[in-house]
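Engineer: The structure's right below; bear with me while I get my questions together.
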Amino acid sequence: MKNLILGLALLSSSAMARNMNLVEFTASTPQERSLIGNLIHLDGMNGDTVFSAVNDHDLELIKTHLPFLLSNITTIETEDNPGQEEEYPQGDEKFYTYEEMKAKFEELQKNYPQIVRMISFGRSFEGRELYGLHITNHSNKKSKPGILITGSHHAREHLSTDVPVRVAEKIILNSNQDKIKNLIETREIYFLPMLNPDGAMWDIRGRNYKIWRKNMRSSGTSAPYGVDLNRNYSQGWGGPGSSDRPASDIYRGPNPFSEPETKAVKKFIEENDNISVLLSFHSFSELILYPWGNTTAPLPSERDQRAYEIMAEEMAKWNNYQPMQASELYVASGDTCDWAWADHGIFCFTFELSPKYQWGPGGFYPGADAIDPAVDDNYNPVVYLIDLADNPYKVIE
Ligand SMILES: [Zn+2]
């Protein structure tokens, strides 16, 4: 989702606090305990000993202001420092981890060597290789129009990886059908389904979700603060709906394309100038969004505007998502589609996947049962866009 009205700054900072400190004070009077209570919460008391579990930030406060009451500190690892296991919480194992996605790509390449190539298009902040799939008839070398489908700019939007991976697989499995066969013959189809593998894997590490949004950018010594990759593109960068504060969940980074993940997308687009259509999967809200995001102004060309509207409405017939100009939702600057359209003339859509609402089972973590319906809902829109890659304007001609 482009934004979320939640205490995300709080959640993010708790995700960064990877230690908990069990602290004991010697405080025998109400006055002394009040001094502590003004700084932190108190969890227990036994005689003149007071106990509290505090994060590193609060521990520093105590050390600075009340060192004369501190009697003992025990630092322990907690859920916030969950270890290395990269698997989804129980019940959600069906979602692709980074390693599982890689293995799936290897399998598809092995089984369909004539039409599938696994590609690597860069490295993440933490050094993970960024993997994708290149689907086309690889023995036919002539230049063909291209389409790019991306997922998981945002760490916690795991469905936005599963949908492109599984839609890609479905296209491959259907490659003997006339229509799909023809598209694979005449198009270059690129899937880059996990643009933020560091954040996505941090979000599930230790098998508990952390509602992490950004990448894992850190200054090297401290906990990651992260950059919002979908505020780090250049068109309108620094404008409304983004922040210059690293603690913000919409932190745009120090400059456009400051992050290795967005740099990799930029390079990929520049190296594949046959790409005419881009679909960027996010979650959630069930929306089909198109430029502009950073201004409420319509597109300069009425023809372009009409082409976008028709394409969005056509796709909505399949997935029942609500089509709109991105800024109609709210204004946000530095996203993928504004840049792809402004700098490259690429027809670019952002899909906010299911569910529609935050409440009930849903939001970023709709459960494994949400995967198959989301794939079914979005297979036809993807095939539709692949078909349009040769000339998006054919929708109005
Ligand atoms: Zn998102």
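Engineer: Quick check, is Pro323 more than 16 Å from the ligand (Cβ to nearest atom), surrounded by fewer than 19 Cβ atoms within 10 Å (Cβ to Cβ), without any contact (Cβ under 8 Å) to a residue 40 or more places away in the chain and not β-branched (Val, Ile, Thr)?
Structural biologist: Answer is no for this residue.
Engineer: Looking only at the stretch 158-209, how many residues end up being of a type in the set (S, T, N, Q), out of contact with any strand residue (DSSP E or B) (no Cβ under 7 Å at 6 or more places or on another chain) and in contact (Cβ under 8 Å) with a residue 24 or more places away in the chain?
Structural biologist: Here the count works out to 5.
Engineer: Residues of the stretch 254-298 being among the polar types (S, T, N, Q) and farther than 19 Å from Ile189 by Cα, which ones?
Structural biologist: If the condition is that a residue be among the polar types (S, T, N, Q) and farther than 19 Å from Ile189 by Cα, then Asn255, Ser258, Thr262, Ser283, Ser285, Asn294, Thr295, Thr296 are the ones that fit.
Engineer: Looking at Lys356, is it assigned to a helix (DSSP H, G or I), surrounded by fewer than 18 Cβ atoms within 10 Å (Cβ to Cβ) and charged (D, E, K, R)?
Structural biologist: No: the conditions fail for Lys356.
Engineer: Now a separate question. Check off (1) within 22 Å of the chain's Cα centre (by Cα); (2) over 27 Å from Arg231 (Cα atoms) for Glu397 and give me the number that stays unchecked.
Structural biologist: (1)
Engineer: Of the conditions (1) among the hydrophobic types (A, V, I, L, M, F, W, C); (2) touching a Phe, Trp or Tyr at 6+ places or on another chain (Cβ under 9 Å); (3) closer than 24 Å to Pro366 by Cβ, Leu299 satisfies every one except a single condition; which number is it?
Structural biologist: (3)
Engineer: Then there is this: Any residue at all in the stretch 83-96 that's out of contact with any Leu (no Cβ under 8 Å at 6 or more places or on another chain), of a type in the set (Phe, Trp, Tyr) and closer than 26 Å to Glu270 by Cβ?
Structural biologist: No, that holds for no residue.
Engineer: Assess whether Gly91 counts as being out of contact with any helix residue (DSSP H, G or I) (no Cβ under 6 Å at 6 or more places or on another chain) and within 25 Å of Arg207 (Cα to Cα).
Structural biologist: Answer is yes for this residue.
Engineer: Would you pick out the residues in the stretch 281-310 that are out of contact with any Cys (no Cβ under 7 Å at 6 or more places or on another chain), part of a loop (DSSP other than H, G, I, E, B) and within 13 Å of the ligand (Cβ to nearest atom)?
Structural biologist: Phe284, Ser285
Engineer: Next question. Can you spot a residue in the stretch 296-310 that is over 20 Å from the mean Cα position of the chain (by Cα), within 17 Å of Ile149 (Cβ to Cβ) and in contact (Cβ under 8 Å) with a residue 24 or more places away in the chain?
Structural biologist: no
Engineer: Cβ contacts < 6 Å: first residue at pLDDT below 95, restricted to the stretch 366-389; second residue surrounded by 20 or more Cβ atoms within 10 Å (Cβ to Cβ) and not hydrophobic (A, V, I, L, M, F, W, C), any location; separation 6+ or different chain. Result?
Structural biologist: Pairs that qualify, where the first residue is at pLDDT below 95 and the partner is surrounded by 20 or more Cβ atoms within 10 Å (Cβ to Cβ) and not hydrophobic (A, V, I, L, M, F, W, C), are Pro366/Pro355.
Engineer: Next up: What pairs come up if the first residue lies in the stretch 227-249 and is β-branched (Val, Ile, Thr), the second is outside any loop (DSSP other than H, G, I, E, B), and their beta carbons are under 9 Å apart, counting only those six or more places apart or on different chains?
Structural biologist: Val227/Tyr251; Val227/Glu261; Val227/Thr262
Engineer: Looking at the stretch 336-364 only, could you name the residues that are touching a residue at least 60 places away in the same chain (Cβ under 8 Å), more than 15 Å from Ser285 (Cβ to Cβ) and within 13 Å of the ligand (Cβ to nearest atom)?
Structural biologist: Thr336
Engineer: Another question, if that's okay. Quick one: is Thr49 surrounded by fewer than 17 Cβ atoms within 10 Å (Cβ to Cβ), among the polar types (S, T, N, Q), modelled with pLDDT under 85 and not assigned by TED's automatic domain parsing to the domain that holds Arg245?
Structural biologist: Yes: the conditions hold for Thr49.
Engineer: Take Gly127 and decide whether it is within 20 Å of Arg217 (Cβ to Cβ) and not hydrophobic (A, V, I, L, M, F, W, C).
Structural biologist: Yes.
Engineer: OK, next. Please go through the stretch 222-248 and give me each residue that is touching a Pro at 6+ places or on another chain (Cβ under 9 Å), under 18 Å from Ala200 (Cα atoms) and away from the ligand (no atom under 15 Å from the Cβ), ordered by number.
Structural biologist: Tyr225
Engineer: I'd like to check something: does the stretch 186-197 contain any residue that is within 16 Å of the ligand (Cβ to nearest atom), farther than 30 Å from Lys141 by Cα and either modelled with pLDDT under 95 or surrounded by fewer than 23 Cβ atoms within 10 Å (Cβ to Cβ) (or both)?
Structural biologist: no
Engineer: Please count how many residues of the stretch 371-397 are away from the ligand (no atom under 16 Å from the Cβ) and within 23 Å of Arg156 (Cα to Cα).
Structural biologist: 8
Engineer: Could you check the stretch 252-286 and list, in sequence order, the residues that are closer than 26 Å to Val383 by Cβ and crowded, with 24+ Cβ neighbours inside 10 Å?
Structural biologist: Val265, Val277, Leu278, Leu279, Ser280, Phe281, His282, Ser283, Phe284, listed by residue number.
Engineer: Can I ask one more? Name the single residue that is nearest to Glu99 (Cα to Cα) among those in the stretch 159-185 being of a type in the set (S, T, N, Q) and within 16 Å of the ligand (Cβ to nearest atom).
Structural biologist: Per the criteria, the residue is Thr161.
The values are calculated or read from the model by the stated rules, or taken from the named source; none is laboratory data. Since we're looking at a predicted model, the values are computed, not measured. So basically every Cβ, Gly included, is an ideal-geometry build from the backbone, and we count neighbours across all protein chains shown.
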